[in-house]
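Asks: Below are the structure tokens for one structure; questions will follow.
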Amino acid sequence: MAAFHFELVSPERLIFSGEVEQVVVPGSEGQFTVLSGHSPMMSMLRPGVVEVAGRDLSERLFVRGGFADISPTGLTILAEQAIPLAELDAAQIEKQIRAAEEDLEDAQTDETRQAAAMRLDQLRELRSALSI
């Protein structure tokens, strides 16, 4: 398989930069695979797992929000949040989900209720990514 350049960037840091053979992207319209020579396009991202494959490389990363830009020079993903799945701890996430559920039940105002619901949704997305 021919290689192409791929970068995954989050607001905090450059997560990945290198030559790859294939990237599976969770696009807003559905999951799609990018190979060398892919037609140029842009896609919004939905929460999910980006799967990166190369000769001696296999990486899975959870992304939340952002977009993918495929150009003649390669693929760039700008993600609102990106975490390698290897760095996620299922037990810790379950503990955080229980705490977020309690925060949602205890919320006194619409603002705190909305913030707690958003946090709970994000944690559930992370848990879902781990079970893939």
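Each value in this text was obtained by applying a stated rule to the coordinates, not by laboratory testing. Note that the structure is a prediction, hence the values are computed from the model and not measured. We place every Cβ from the backbone using ideal geometry, glycine too, and count neighbours over all the protein chains shown.
Asks: Amide H neighbours of Gly54 under 5 Å, at least 5 residues apart or on other chains, H built in the peptide plane: list them.
Replies: Sorted by chain and number, the residues that satisfy this are Glu21.
Asks: Separate question: What nm value, rounded to one decimal, do you get for the distance between Asp69 and Thr33 when each label is placed 7 Å out toward the C-beta?
Replies: Between Asp69 and Thr33, the label points sit 2.6 nm apart.
Asks: With an 8 Å cut-off on Cα pairs and a minimum separation of 6 or more residues, tell me the relative contact order of the chain in percent.
Replies: 20
Asks: Under 5 Å between amide hydrogens, which residues at least 5 positions from Phe32 or on another chain qualify, with H placed 1.01 Å from N in the peptide plane?
Replies: For Phe32, whose amide H was placed from the backbone, the distant partners under 5 Å are Val25, Gly27.
Asks: Net charge within 14 Å of Met118 by Cβ-Cβ distance, Lys/Arg positive one each and Asp/Glu negative one each, not counting Met118 itself?
Replies: Cβ neighbours under 14 Å give a net charge of -3.
Asks: Which whole-Hz ³J(HN,Hα) couplings does segment 87-92 yield from phi under the Karplus relation 6.51 cos²θ - 1.76 cosθ + 1.60, θ = phi - 60°, glycine and proline marked x?
Replies: My calculation for segment 87-92 gives 8, 8, 10, 4, 5, 5 Hz in order.
Asks: Rounded to the nearest 500, what is the chain's calculated 222 nm mean residue ellipticity when only DSSP H runs of at least 4 contribute -39500 (n - 2.57) each, over all residues?
Replies: One gets -10000 deg cm²/dmol as the mean residue ellipticity at 222 nm.
Asks: Tell me the Kirkwood hydrodynamic radius of segment 1-105 in angstroms, computed as one over the mean inverse distance between distinct C-alpha pairs.
Replies: Hydrodynamic radius (Kirkwood, Cα pairs) of segment 1-105 is 14.5 Å.
Asks: Apply 1/(1 + (r/R0)^6) to the Cβ-Cβ distance of Met1 and Ala107, taking R0 = 35 Å, and write down the FRET efficiency to the nearest 0.05.
Replies: Efficiency computed from Cβ-Cβ geometry: 0.10.
Asks: Quick one: 3J(HN,Hα) in Hz for segment 99-111, Karplus 6.51/-1.76/1.60 with θ = phi - 60°, rounded, Gly and Pro as x.
Replies: Result, rounded to whole Hz: 5, 5, 5, 5, 4, 5, 5, 8, 4, 9, 10, 4, 5.
Asks: Compute the signed sum of charges (Lys and Arg +1, Asp and Glu -1) over the other residues within less than 12 Å, Cβ to Cβ, of Arg60.
Replies: It works out to a net charge of -3.
Asks: Quick one: what are the phi-derived ³J(HN,Hα) couplings along segment 51-65, Karplus 6.51/-1.76/1.60 with θ = phi - 60°, whole Hz, x for glycine and proline?
Replies: Here the 3J(HN,Hα) series is 10, 10, 9, x, 3, 10, 9, 8, 9, 10, 9, 7, 10, 9, x Hz.
Asks: If you put +1 on each Lys and Arg Cβ and -1 on each Asp and Glu Cβ, how big is the dipole of segment 4-86 around its Cα centre, in Debye rounded to 20?
Replies: 160
Asks: Which distance in nm do the two modelled labels at Arg13 and Met118 give, with both placed 7 Å along the Cα-to-Cβ direction?
Replies: 2.5
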